[in-house]
Structures are given as structure tokens and as C-alpha cells.
1. Which members of region A:107-142 meet the condition of being within 8 Å of chain B (Cβ to nearest Cβ) and among the aromatic types (Phe, Trp, Tyr)?
2. Scan region A:232-274 residue by residue and report those that are at pLDDT below 95 and either over 23 Å from A:Met156 (Cα atoms) or within 14 Å of another protein chain (Cβ to nearest Cβ) (or both).
3. Could you list all residues from region B:87-119 that are over 20 Å from B:Val58 (Cβ atoms) and among the small types (Gly, Ala, Ser)?
4. Do the conditions hold for B:Thr326, that is, is it more than 29 Å from the chain's Cα centre (by Cα), among the polar types (S, T, N, Q) and under 10 Å from B:Ser369 (Cβ atoms)?
5. Go through region B:237-289 residue by residue and tally those that are touching a residue at least 60 places away in the same chain (Cβ under 8 Å), touching a strand residue (DSSP E or B) at 6+ places or on another chain (Cβ under 7 Å) and over 15 Å from B:Phe174 (Cβ atoms).
6. Filter region B:173-216 down to residues that are in contact with a Gly (Cβ under 7 Å, 6 or more places away or on another chain) and aliphatic (A, V, I, L, M) and give me whichever is surrounded by the most Cβ atoms within 10 Å (Cβ to Cβ).
7. Pairs please, first residue from region A:203-217 and surrounded by 12 or more Cβ atoms within 10 Å (Cβ to Cβ), second anywhere and polar (S, T, N, Q) and at pLDDT 95 or above, Cβ atoms under 9 Å, 6+ apart in sequence or on different chains.
8. List the pairs whose first member sits in region B:321-334 and is within 13 Å of chain A (Cβ to nearest Cβ), whose second member is among the small types (Gly, Ala, Ser), and whose Cβ atoms are under 6 Å apart, counting only residues at least 6 apart or on separate chains?
Amino acid sequence: MTTTATSQTDGATRRPSDKVHLTPEQLRAFGEELDAIRQRIVDDLGEADAAYIRKILKIQRGFEVAGRALFYLPPAWPLAVGALSISKILDNMEIGHNVMHGQYDWMGDPGLSSRMFDWDTVCPSSQWKYSHNYIHHTFTNILGKDRDIGYGILRMDEDQAWKPYYLGNPVYAFLLMVLFEWGVALHDLEVENIVAGKRSLDDNLPLYPGLLRKIRNQALKDYLLFPALTGPLFPMTLAGNAVANLVRNIWAFNIIFCGHFPAGVETFTEEECLDEEGPDGPRESRGHWYYRQVLGSANITGGPLFHIMSGNLSHQIEHHLFPDLPAKRYPQIAPEIRDLCDRYGLPYNTGPLHKQVGSVVAKICRLALPGRRSRGGDQVAPSAEREAA
Amino acid sequence: MYTESASVDEEDHPPMSIAATLLRSRAVAALTSPHGVDRYLELVNPLWAANEVRARVVSVHRETSGEHPVGTVVLQPTSTWRGHRAGQYVQVGVELPGGRRVTRCFSISSAASMPGEQITLTIRSNAAVRGERSVSRFLVEEAGPGTIVHLGQAEGRFVLDESPATPTNNHLLFITGGSGITPAMSILRTLLRDGYDGRAGRKVTFVHYARSGEDQIFAEELARIAADDNDVTVHLRHDSVFSEFELRRLAPEYERLDTWACGPAPMMALVRESFGDSPRLRTEMFKLGGEASGTAEGQVAFTSSALEAPNTGATLLEQAEAAGLTPEFGCRMGICFSCTARKTSGTVRNVLTGEESDLPDEDVRVCVSTPVGDCAVDL
């Protein structure tokens, strides 16, 4: 079964009950095996991990300085844009996203601390950490809880009720791609919840100062100061900075949309996640949380350079299992995770970039049209690709 | 001539004056946003900084030998160092093998410094606690010329707190034990350096307790100070403990003297007892690693809220909430770092890994940290 078989899933074959189910004992054992893997990596963290992230940092800053400098040489304009794009991609993904997850907090370096780091986008790090680290990573793919399902503007799951607004799904997705950093920045304002009456405009008041300051700083740097420093080349530099931001937007959007939206990725209802009794009523067990992360994420295959440029979000499954482990470790443990999934009969959704993107695009277009999952579909398991990475 | 002397240290300082002003300007801050100019400078030369303070170890020499030797580390800070007042301490961060930077506070032993001037730290090399590598051991026994360390600015109020414009000639008393001598030494050195004709210009009584003659820090210098005609009386005590009886003999009416005391906790308890509630006594404590006890023993202090409660063995977050606080939190399972708070003292156990940590001033995720014995957290 491959992800190219999106037409099979068309409309509607799956519903929550079609997921591979694990017994409570299996979930516990599954969780314990993952805890053990995590512990092994934590114990092994050290100089090599520190040296790696510092090297990436140095490379990123190198590209940034080179990019800014090359704008003084008009014929090198494409090189300047390229260097600056690489800088922004590295800054946002392999460095920013991962550092802000606390992956390097153990180093005790304020420059690599999740509490101090801010990234080269218009989204303030503090606001992103709430919506991403907390909401998205805790409630991954739980409908109604995880605001990353469609980001409040797209229909990305059959169980989101269709309305005529969603006819524009592909258009909204395209705009979100082009304006991705702005989408990420405005994500925390939860506009869809304000429209739905679940959030008041006043709730956003504390967010505005930080957001506006960050937007001002980013715009000042990219669209005024650096262009002005190149004197008569102002328009060229301005355009170059805008293109670099655009390149980063498109790249980040594509990588991130492959993380949770390819065909075969499961969503969950709040009720089905409450699999054990806690002191304060039903709650989700750690084993089920791990299980949900595996079923709710998808990987992208590729070479080492691709993994670095994707911030190792090409290992979205490993990232969602262990969001606070240094991302460089994900490729290292991926074979083990895959083997573990095989043993428990869980799908391990992976495929090359073009397939995963194709699958996401197909879903965006398909869900523009009405249609819920039909009940009693005949598809047995999630349509995960099982071919070798 | 001046330019020559300036060029000697060129490597160690960022380009001075105009460049430094430029680097600290708002324009450069805007251009290097959001990371800040120091994040770029450090990649070129670790001793280039516009705002942060770092220092290069110039030399390390031993004051005492033995199992826990004491060493003096001479540091050349970046020009961002604002100087210190005698008696102050500084946070020192070192990169220990294993990629971890650990920060500890040490008193400065050299006389008061001006911005950018060299300082010395005099440190006893303590054993590693539970496999955690020791910063003091690293600085005394492993660091050498060229090692880079991270500094804060000088802090602390254990200083000669009188205005330089209106100095007095009050009799001063110093009572120190072990490596607690360092801040007092800084004050004494400053008095002798800045005083007229090498004299302190006022009566100074300097009482120090060391475990033995071999453990005596600054032995030669103190002998010289004791021998000179400089208004300073030095009393070194070996193999004996502090007593009020002896203090009264050395300094009758000591309660009325401006006093600075620094030493290990048992000695400090005795000193405090002798002085009652005299406002003239200034003290500085060492931070010693908390004694690890059972899981539900001791007190948990929430320092920002000035609350304290008996440790129930639950996570710090749960205990804070039980105490009526509403700390920020997110996932409550250790992944999102929303709840990260500063633990100022005590030991915590990570419930996910079972790992225990007793580092002071450490950021912990309170949702997955349980206190082991006494613990203080900034909530």
C-alpha cells in the first residue's frame, strides 16, 4: 500500500474505528520501550551534540553574513538571495524550532536556551512556544484541540464539517504557503475561535505588543535598514530580502504540511484518548500518547542534507515522540522506531517529499468539496507506506 | 606610548571606543535582531563582546595543596566588565566536558577593579557531587591560560558600604573561615592599596580560621600584612573553632564594630549568636549543596511568593498549586517547557528519568520535578 493510493482513500473510507488498536497492556509495553529509547539517548547527550548545533549555528550565521554582503555585488544577486534563504531556513528549522523545543537546554548556554532564543521570523518565540510546544505537541491531531489541523483556515480532515467557505481550500493553502511566517505569527490570535465566539478580542490584547514589536524589528531589518545600507541598490536588496523570506516560507510550509497531513495520518477525538483512570477522572496514558503521536505524524525520506534543511522535521514521527531530544538524534533512532512500530503492527508513514506533498495537495483539493467519511468503509488499516526508506 | 600599550591587548578586547560604541548602538541591535550582536561576535572571537562579559584565564596558581587544594585564577575580562566593589562575587560559567555549561558564584579575591581590569578568584576545589562535574575543580585543577569562561557583572552587598566621598575611620572587624576569606581579602587589599602610604588608615582586625597551617590561604601575604606597620592586626587560628570568648579577647566591644563575616554554616551560626541582632554584622554564606533526604521530607520554599510548605513528595508544580499558587504550565508532562522555573537551592528528581540534580540556580520543568528534601524554587 503506498501513499500514491490516495484515490483509494478518496472521500471516505476511514473512520476512527479503523485505526490499529492496541490493548492497554500493549500500550504500556509500547510506552516503556519508547521511554527506554529516550533514556538511552538522554544519557548519551554530550559534546558531540553540542558541537553539532554550534557548527550549524556557525554555518547559518556564515550564510547570513555572506547573503547580506553579496547584495553589494549586483551580479551576485541570486547568490545573495540563495545564501540568505539558506540562512533563514536553518535559523527557523534546524536551529530555531529545535532550540525552542528545549532540545539543547541541557547545555546551559543562554544562546541555545528555549527561554531565550528568538528566531528570524515575524512570529514572537514566546507565542509560538505556547501554540506549538504546548497545544500542538500535547494534543497532536485531536480534533477541536490541536489548532494545527488546518490552522483554523483550512479543512484538512474529513471530520471537519464542510461549509461553502472551504471551496477555497486550495487558494487558502496557497496563500498560507506564500505568507507562511505571517500565518504562523497570527496563528496565536486564534481568529477562528474569535469568529466562532469562543474567544474574545480582549483575550488577544496581551499578545499585540510582543507581536507588533517583532514585526517591526523584522520589517525594519529586512525592508529598511539592510536595503538602505546598500545605498543605490536599495530596491534590489529589498526585493532580495523579500524573496529570501518567500523561499523560506514555501520550504517551511511544504515540510510542515508533510508532517501531519499526508494520506494515512490519523486524527483523534478527545474521548478516544481517555484510555485510563486518573485521580481526577479519565485521562490519556503515556503509552496512548506515544501511540497517537506515531499515528498522527508522517516522515519524509531523503539524504542527510535534506534532513538538516528540514530541521529534521523529515523525522516528524520521532520528533513527536521525543520533542525535546536533539533533532540530530532522530535519524539515528528512526530504524529502531520503525522496527518497534512493525512489531506492534502500527503504520510508520513515510515517503519521499514529492509523494508526501502530492498526497497533501490531493487532500487539500479533495476536502474543498463536501463529503464526510463514509461509515463502514472497507479499508483495514491506515494507508501508510511501508516501503524501505 | 599609550597607543602602544593599548595594542598589546588588542586580541583580548573588542575594537575599542568608537567600534565598541557602534557595536552597542541601536542600529547594530536592529541589524542583528533577533539574536543580538554578541551572538555574531562570539563566533569570530570568544573575547569579543558588546554586552555580555567573558574572560580569558591568564594564569592559575595554587594557594594550598592537599585533597581539596585552593587555587587563585587570574582572569582578564572583556571590556564589558564594569568593575567590582571589594567584597562582591561574580557568576562564572564554564563549559565542562560533555558540552554542558555550568554556572557558579565565586567571590572576587582581588582588590576593587575598574571596568575591563583583571580580577582574581580564589577557589577551593570541591569534589564532584553524585557524578556532576565540579566547576571549582575544573577552575582550580583543569583550567589553564587561554581557557574562556562566561561572567556576569559583579553582584552582592558584602562590601565596605560607605561613600568614598566621606570615608570614615571606624574600626573594622573581619571574621572569616576557610575559603570565606576571599571577599574579606578583597576588602583588605583594597584598603591597603588605596590607603595613604600603604596604610589602611583605620584600625582593622582580621580574624581567620583555617583547618590547619597547610590549609591557610594567602599565608605569605597575610604574614607580610601582619608584619607591616599598616593599622591592620591579623589573627590566624588553626585547628580551633570560633568562640565568642576568644573574639571578646581579640576585639573587646566587638558588637559595636562594623563587622564582615564569611565562612562555613556552622561557624556563621556561632558568629550570629555572638552578635545577637546587631545591625553592624554583615554576613555572606556559601551555598552548599543541600543534603539529599527522603522524597517527602523537608520544606519547599516558593521564593517569589514568600510561601513555604512541607514537601509532600509531589511535583513542584502540584505542590505550588496546592499552596495556592498558579504558576504557568502547559503540557504537565515535561515536553513543552512552559513551566520552566528557576530552582535556587535544593535537590530535585526528574520523574521521567529518575535523575537527581542539586545544582543551585538551575532551570527546571516544575511539572516533572519532585523535590528531594529541602528545596527553593522561584515561583
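The values are calculated or read from the model by the stated rules, or taken from the named source; none is laboratory data. These numbers come from a predicted model, not from an experiment. Virtual Cβ from ideal backbone geometry, glycine too; neighbours counted across all protein chains shown.
1. Once the filter is applied, which keeps residues that are within 8 Å of chain B (Cβ to nearest Cβ) and among the aromatic types (Phe, Trp, Tyr), region A:107-142 yields A:Trp119, A:Tyr130, A:Tyr134.
2. A:Cys273, A:Leu274
3. If the condition is that a residue be over 20 Å from B:Val58 (Cβ atoms) and among the small types (Gly, Ala, Ser), then B:Gly87, B:Gly98, B:Gly99 are the ones that fit.
4. Working: more than 29 Å from the chain's Cα centre (by Cα): yes; among the polar types (S, T, N, Q): yes; under 10 Å from B:Ser369 (Cβ atoms): no.
No; evaluated as a whole, the condition is false for this residue.
5. 3
6. Residue satisfying both the conditions and the ranking: B:Ile187.
7. A:Lys214/A:Thr121
8. B:Glu328/B:Ser338; B:Phe329/B:Ser338; B:Gly330/B:Ser338
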